[in-house]
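Input: a single structure, listed below in structure tokens.
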Amino acid sequence: MKFTESKIIENGQGKWTVTIEGKEWTDILAKAKNRVKANIEIPGFRKGKAPEGEIAKYLTPSKIYNEAFRMMIEPAFDFARNSDVKIEPMNSPTPVPFKVSETELILDFVFDLRPEIEIGTYTGIKTIEKTTPEVTQAEIDEVVNQYQQQFAMEKVKEADAKIVDGDVVTFDFKGFIDGVAFKGGEAKGHTLVIGSNQFIPGFETSMIGLGLGKASIDVKFPEDYTPELAGKDSVFELNITEVKERILPNKDDELAKDLNMKDVNTFADLENKIKAELLERKVIGFKNQFVNQIMDEIIKGSKIELPKTAIDNQIADLKREFEQEVIRQGLTLKAYKKATGLTDKDIEAEMLVDARKKLETYLVSSEIQNKEKFEVTDAQVETKYADLAGQFGVELDYVKQAIQPQAVKQEIANDLFVNFLYENNGK
């Protein structure tokens, strides 16, 4: 293979060109021909089992060239990526066949050029204040309560008992809006822990005080619920068939031992471990929030000219992600727009802002990392693998097989970047 690169200045694009020729290309064509032959479907014959004469009628050069092109996209890209690249892409390169013949394949990988950037000050920014996160006893108690739930025992209550917070209730229900049952609002034999907040606000609290048998409760759907139900008043008809009391273990050393955690032998050990883990998560969350604010300040002080093609491509990606999320919520884009009152113009305007922010953040962070030359060592990679193995409770070799070294290096590089901005900014 041969590699060259060039800029298409008028389009704000660049391209890597890979040429495959000679015996290397003829060997690929031969493999492509065999693949096409094996997969040709001819009426009256099983796939790949037709006589050579019949296969020849369907075995056109274009089919062979197309298969050979598909076969070479990944190896050609790897070859280009590992060559002495001078023109770095702004986005993922798109493969485009420039020439395909019996003697050669010329394959272009086209991408948006990385725009010129004059980065502003990125250290010594004092406009954002650092605060020290703290963990409250209430937060520790909440986690302890979750551990208690793991060992909870259940006891059926007397027939005349009333539901209280924490009880386990088995019941049938059916929901109505304006007297009409709505889709997805019915179930039989459902089991619910009162206070677990599995249902919409007001549903579980309305069940407190009820007993076995039939009842009805009035509940209002939240404004941020699915559009067809959001903000609407509803009536749920219930048939409560069983109520159980949940008996939780005491908050003592026995609970700590039952959890079988490393270095946890007493309840005090358990609380200390919970506090340390909560504090670590808070520190990470605060640090990322702080760095995001610092990044906004750096972007404001930088000069960045984003090419229209890069923005358009980013908007297209965001739109695809948005449509997929709407579908996951059980809606069509048309139904979503009708329910929210948003137009295509409204949605695209918001995406334009998000697209610019995402691209600017990427460019600025890349520029800082290039300037500071953060280096990821093999020792850091090994330590990260060991941390992941301990975190998930699996063997080290399993983690190494599941996660590629490049992904681990990227995560470490990102940590170095975040730590650098955190340590060199704020007041």
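A few comments on the model shown:
- Net charge of the neighbourhood of MET90, taken over other residues with C-beta under 10 Å away and scored Lys/Arg +1, Asp/Glu -1, is -1.
- Loop sites in the stretch 137-192: GluC sites (Glu not before Pro), DSSP, at most 13 other Cβ within 10 Å: GLU158
- Full-extension gain in nm, GLN380 to GLU228, via 0.36 nm per residue minus C-alpha separation: 49.6 nm
- Cα-centre dipole for the chain with unit charges at Cβ (Lys and Arg positive, Asp and Glu negative), debye to 20: 1620
- The stretch 2-114 - charge dipole about Cα centre, Lys and Arg +1 at Cβ, Asp and Glu -1, debye rounded to 20: 460
- Listed values (i) 54; (ii) 70; (iii) 47, entry calculated as percent of Cα pairs over 30 Å apart: (ii)
- Among the listed pairs LYS287/LYS371; LYS7/LYS303; LYS37/LYS400, a Cα-Cα separation exceeding 27 Å is found for LYS37/LYS400.
- Per-peptide average of other Cβ atoms within 10 Å, ordering 413-421, 102-110, 394-402, 299-307 highest first: 102-110, 413-421, 299-307, 394-402
- Sum of -39500 (n - 2.57) over DSSP H runs of 4+, divided by residues of the chain (222 nm, nearest 500): -16000 deg cm²/dmol
- Lysines with Cα under 26 Å of LYS188, excluding same-chain neighbours fewer than 8 positions away: LYS155, LYS157, LYS162, LYS174, LYS214, LYS220, LYS232, LYS244
No value in this document is a laboratory result; all are computed from the given coordinates. Model, not experiment: these values are computed from the prediction. Cβ sites come from the backbone with ideal geometry, for glycine too, and all protein chains shown count toward neighbours.
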